[in-house]
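Trainee: Pasting a structure here, questions to come.
The values are calculated or read from the model by the stated rules, or taken from the named source; none is laboratory data. Everything quoted here is computed from the prediction, not taken from an experiment. Using ideal geometry, Cβ is built from the backbone for each residue, glycine included, and neighbour counts are taken over all protein chains shown. Just so you know, the surface numbers come from the protein's heavy atoms only, side chains and all, with ligands and any DNA or RNA stripped out. Shrake-Rupley method; radii C 1.70, N 1.55, O 1.52, S 1.80 Å.
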Amino acid sequence: NGFASAEKIFDILDTKPTIVDDDDAIILEDFTGMIEFKDVWFRYVEDEWVLKGVSFKVLPNETVAFVGATGSGKTTILSLIVRNYEINSGEILIDGINIKRINRASLRKFVGQMLQDVFLFSGTIYDNITLGDESITDDDIKSAVDYVGLNYVLDKVDGGLHHVVKERGHNFSSGERQLISFARAILYKPRLMILDEATANIDAETESVIQDSLKKII
C-alpha cells in the first residue's frame, strides 16, 4: 500500500504544468478590477466548445452575475479569470493587460473564491483559515471571523478556532464549511470576490449570515 501511494505522489511531482509564466511576466502590484473577455473560445475536449466567441467587460466595483444552464460555461469563465486554463483563441484582459503576460501568483493574490464544494483539511478551524501562513496575526483572524459572521459557528463548538476539523470537514454542515471558507477568502483582503454557486446547498439561516457579509463586502 505504501509503494502504491508513493507511486501516485511521484507521478504528481513529475507532472509538468501546462501553463507557465513567461520569464518577463508582469507582477501586479495592484488590481482595480477591470476584466474584459474579447471573442474568447475555449474547449476542454477537441471539437466540444464550451465557450464560443464570448465577449464582455466587468468594471471596477461592479457586481456581475452569470446565469445559465448546467454546462453552459459559468464555472469555466471563473476559472479562466484566474488562468487555471489557457484559452484557445481570443483575449482576456486584466486591467487592460493580456492575462498571458501576467504572473499568475500575483494575479491570484487579489482574488478570493467561494466555491460550491468547499474543501477543508484535517486540523483545526484556525489551520483551515490561515492555511499555515505564519505572517497572519490573531487580530487579522479575529477581524475576518467577525466580518463574515463565523462566530455563528465558533460559539457552537468546543475550543472555538481550535476545534478539530475532520477530513473534508465532515463534522460540519455544508453551510458551516462555507462560512469557514468565506473567512479564509476574506483574510487576504481580495479585490475581486468570485462566488460559484456558493450558497446553493446550504441552510437558510447560514445563507442569511453569508448574504449579510456579502453586502458589507460590496
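Trainee: Does segment 59-73 include one or more residues that are open to solvent by less than 40 Å² (accessible area, probe 1.4 Å), touching a residue at least 24 places away in the same chain (Cβ under 8 Å) and either outside any loop (DSSP other than H, G, I, E, B) or over 20 Å from Asp117 (Cα atoms) (or both)?
Mentor: no
The rows are residues; the columns are (1) in contact with a Ser or Thr (Cβ under 9 Å, 6 or more places away or on another chain); (2) part of a strand (DSSP E or B).
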{"residue": "Ser79", "(1), (2)": "no, no"}
{"residue": "Glu86", "(1), (2)": "yes, no"}
{"residue": "Ile92", "(1), (2)": "no, yes"}
{"residue": "Lys100", "(1), (2)": "no, no"}
{"residue": "Gln113", "(1), (2)": "yes, yes"}
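Trainee: Further question on the same structure: Considering (1) open to solvent by less than 40 Å² (accessible area, probe 1.4 Å); (2) closer than 24 Å to Ile35 by Cα; (3) at pLDDT 90 or above, say which one Met114 fails and leave the rest.
Mentor: (3)
Trainee: Restricting to segment 26-45, count the residues that are of a type in the set (A, V, I, L, M, F, W, C) and open to solvent by 20 Å² or more (accessible area, probe 1.4 Å). Reasoning before the result, please.
Mentor: Taking segment 26-45 first, the residues of a type in the set (A, V, I, L, M, F, W, C) are 26-28, 31, 34-35, 37, 40-42, 45.
If we keep only those that are open to solvent by 20 Å² or more (accessible area, probe 1.4 Å) as well, we get 26-27, 34, 41, 45.
Counting residues in segment 26-45 that are of a type in the set (A, V, I, L, M, F, W, C) and open to solvent by 20 Å² or more (accessible area, probe 1.4 Å) gives 5.
Trainee: Between a residue in segment 127-149 that is within 13 Å of Lys189 (Cα to Cα) and any residue that is open to solvent by 70 Å² or more (accessible area, probe 1.4 Å), which pairs come within a Cβ distance under 7 Å, given they are 6 or more apart or on different chains?
Mentor: Listed by first residue and then by second, the contacts come to Tyr147/Lys216.
Trainee: What are the residue pairs meeting all of these: first residue in segment 167-192, first residue farther than 16 Å from Ile141 by Cβ, second residue open to solvent by less than 20 Å² (accessible area, probe 1.4 Å) and β-branched (Val, Ile, Thr), Cβ atoms under 6 Å, and 6 or more apart or on different chains?
Mentor: Final answer for the pair search is Gly175/Thr206; Glu176/Val153; Arg177/Val118; Gln178/Val118.
For (1) among the hydrophobic types (A, V, I, L, M, F, W, C); (2) surrounded by 15 or more Cβ atoms within 10 Å (Cβ to Cβ); (3) more than 21 Å from Met193 (Cα to Cα), each residue gets a yes or a no:
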position	(1), (2), (3)
Lys8	no, no, yes
Ile12	yes, no, yes
Val82	yes, yes, no
Lys109	no, yes, no
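Trainee: Does Gly159 count as at positive phi and touching a residue at least 12 places away in the same chain (Cβ under 8 Å)?
Mentor: Considered against the rule, which asks whether it is at positive phi and touching a residue at least 12 places away in the same chain (Cβ under 8 Å), Gly159 comes out as yes.
Trainee: Shifting gears a bit: So, of the residues in segment 84-107 that are open to solvent by less than 30 Å² (accessible area, probe 1.4 Å) and within 29 Å of Arg177 (Cβ to Cβ), which turns out to be nearest to the chain's Cα centre (by Cα)?
Mentor: By that ranking, first place goes to Leu107.
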